[in-house]
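Comments concern the structure below.
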C-alpha cells in the first residue's frame, strides 16, 4: 500500500464515525494544551489526521539525506581550502575565523533538521530550509504522538498496522557522545551543558534532552550563554562545574549579534577548552546563501554530473536581492512564483511570499523595500496538499485541504526522524498559523 492510499483509508474511517472520533479528538487537544509542547507559553496546535509515512517514504528520506550530505561535505571542504570560494558566502572576518578553526571531530554537521516540500504521490521534493543551528521541535513530535495515542483513530489504525514513532532524544545523546569521543582529550563521562540565549530557548525541550543525558549517567545543565565564565583554562556554567561538552542550541546569527556579551564562551571555544557540538562549520550550510552558492559555477565545477542534477532538481533558484542579475521585472509580474527571505534568520521571521499579496502593487512595495543586503529572492514552492479535519469545536465540521512541510531530523549524517507541519494557507510558518502533526511510521502488521 502507498501512503496516499493509507491516508484516504484513514479519512474514510474517520468520516464513518465522526462523532466518536470528534470525542476522542477532544482528549487529544486537552492533552496538548497541558503538555510540555509549548514555545514562549504558546501551546502547539494540531489537527486530527496524523502524518503517516511508510517504508517507501523512509527509504526515500534516507537516500536524499545521503546524497545531500555528500554535497555538503564537498562545499565545506572547498570553503576551508579556497579563499575565493569563501567570498561567495560573504561572512564576516569574525565568523570566518570561527569556522576555519581546526575541526575537533569528523562530523561537519552533527545535527540538522532539513525541511522539504515532499510530494507524497510522486516522491519528488524541493528543499525549503537547512536548519543546522538550533534544530528544534523534537519535543513537539514526542508530545504530539503521546496525544495521538489517546484517539480512536490511533486505536483503529493500530489494529490493522504496526505503528512506530521516531525516537529523537536518547538517539541524539548517543550520537553526540559518539562525536565527542573523537575529540582529543575526550572524557569517558563529560560534563554536558545545553547552551542558548534563554529568551529564545525551548526550555521544555532542553529539560527532556538534559534528562536523557542524565539517564546515560552524565551530569548535564542548561545554561544561559551570556553567563558562561572562562577562567583557569576551563569554561564554567551557572552550576559552577567545568564544562567538557556543549550541545549548542544558540544559533550563529544570535551569537554574532551578541559577540561581546558571549566573550567567555568564544574564548573557550577558540582555545579548545570545551568541545562544541555543533561547531561553527554548520553556518556554511545553515545560511540561506548556500542555495545561491550551490547553483554557482564555482560549486558546479567540483560536483559530479549526478550531484549537479540533484541540485538542479531539488534546490530552488535563489538570487541575492542586491545581485546585478536579479530578475526584478519577473519577480514583480509573476509574484506567485517568488518568496523573499532573510539570509540568516529562524522561526520564519521576515519572510514574504508573493502569493500572500492581493495586488502586484502591494507586492512591488515589499520587493522594493527589501532590495538590501541580507535578503534573497527564491523560487516559491507550492506545498503538497492533503486532507485533514479540525474537531476542536465538535463533530459538525468538514475535511479541509492543508499544505504540508516535512522536516527530516538528521543526527551525525543519518536520517533519524520527522517533524510534520501543515497550514490552511499556502505558507507554512509560525507567522502564518502553522499547525504541527504527529509523525508516524506505518508498516504492515
How many residues of region 243-261 are out of contact with any helix residue (DSSP H, G or I) (no Cβ under 8 Å at 6 or more places or on another chain) and either more than 22 Å from residue 180 (Cβ to Cβ) or loosely packed, with under 15 Cβ neighbours inside 10 Å (or both)? The answer is 4
The number of residues in region 281-310 that are surrounded by 18 or more Cβ atoms within 10 Å (Cβ to Cβ) and either free of Cβ contacts under 8 Å to residues at least 40 places away in the same chain or farther than 20 Å from residue 87 by Cβ (or both) is 2
Scanning for something modelled with pLDDT under 95 and over 24 Å from residue 120 (Cβ atoms), does region 60-71 turn up at least one residue? no
Only one of (1) surrounded by fewer than 17 Cβ atoms within 10 Å (Cβ to Cβ); (2) at pLDDT below 95 does not apply to residue 44, and that is (1)
In region 121-177, anything part of a loop (DSSP other than H, G, I, E, B), in contact with a helix residue (DSSP H, G or I) (Cβ under 6 Å, 6 or more places away or on another chain) and farther than 27 Å from residue 444 by Cβ is listed as 132, 133, 169
Over region 319-332, the set of residues at pLDDT 95 or above and within 27 Å of residue 119 (Cα to Cα) is 330, 331
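Results for (1) farther than 30 Å from residue 60 by Cβ; (2) touching a strand residue (DSSP E or B) at 6+ places or on another chain (Cβ under 9 Å), shown as yes or no for each residue.
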residue: 217; (1), (2): yes, no
residue: 235; (1), (2): yes, yes
residue: 246; (1), (2): yes, yes
residue: 279; (1), (2): no, yes
residue: 313; (1), (2): no, yes
- Could you please let me know if residue 78 is under 27 Å from residue 295 (Cβ atoms), out of contact with any helix residue (DSSP H, G or I) (no Cβ under 7 Å at 6 or more places or on another chain) and not in a loop (DSSP other than H, G, I, E, B)? no
For region 410-445, the count of residues that are in a strand (DSSP E or B) and in contact with a strand residue (DSSP E or B) (Cβ under 8 Å, 6 or more places away or on another chain) equals 20
Condition set surrounded by fewer than 16 Cβ atoms within 10 Å (Cβ to Cβ) and touching a strand residue (DSSP E or B) at 6+ places or on another chain (Cβ under 8 Å), scope region 343-352, selection modelled with the highest pLDDT: answer is 350
Picking from 390, 344, the residue that is part of a loop (DSSP other than H, G, I, E, B), farther than 30 Å from residue 5 by Cα and touching a residue at least 60 places away in the same chain (Cβ under 8 Å) would be 344
Condition set surrounded by fewer than 16 Cβ atoms within 10 Å (Cβ to Cβ) and closer than 23 Å to residue 68 by Cβ, scope region 365-413, selection modelled with the lowest pLDDT: answer is 382
Looking across region 219-233 at residues that are touching a residue at least 40 places away in the same chain (Cβ under 8 Å) and either surrounded by 15 or more Cβ atoms within 10 Å (Cβ to Cβ) or touching a helix residue (DSSP H, G or I) at 6+ places or on another chain (Cβ under 8 Å) (or both), the single one that is nearest to residue 133 (Cα to Cα) is 225
Taking region 16-41 and keeping only residues that are exposed (fewer than 15 other Cβ atoms within 10 Å of the Cβ) and touching a strand residue (DSSP E or B) at 6+ places or on another chain (Cβ under 8 Å), one is left with 33
Flagged in region 50-75 as surrounded by fewer than 22 Cβ atoms within 10 Å (Cβ to Cβ) and not in a helix (DSSP H, G or I), in numbering order, are 54
Scanning region 158-174 for residues that are within 25 Å of the chain's Cα centre (by Cα) and either over 14 Å from residue 248 (Cβ atoms) or at pLDDT below 95 (or both) gives 163, 164, 165, 166, 167, 168, 169, 170, 171, 173, 174
Filter region 237-270 for residues that are without any contact (Cβ under 8 Å) to a residue 40 or more places away in the chain and part of a loop (DSSP other than H, G, I, E, B); the one that is farthest from residue 201 (Cα to Cα) is 240
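Given the criterion in a helix (DSSP H, G or I), farther than 17 Å from residue 89 by Cβ and in contact with a strand residue (DSSP E or B) (Cβ under 6 Å, 6 or more places away or on another chain), identify the matching residue among 366, 285, 355.
Working: 285 fails: farther than 17 Å from residue 89 by Cβ; 355 fails: in contact with a strand residue (DSSP E or B) (Cβ under 6 Å, 6 or more places away or on another chain).
Exactly one residue qualifies, and that residue is 366.
For (1) touching a helix residue (DSSP H, G or I) at 6+ places or on another chain (Cβ under 9 Å); (2) in a strand (DSSP E or B), each residue gets a yes or a no:
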| position | (1), (2) |
| --- | --- |
| 361 | no, no |
| 372 | no, no |
| 383 | no, no |
| 397 | yes, no |
| 404 | no, yes |
| 408 | yes, yes |
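The values are calculated or read from the model by the stated rules, or taken from the named source; none is laboratory data. It should be emphasised that the depicted structure is a prediction, and the values quoted were computed from it without experimental measurement. Neighbour counts are summed over all protein chains in view; Cβ atoms, including those assigned to glycine, are modelled from backbone coordinates with ideal geometry.
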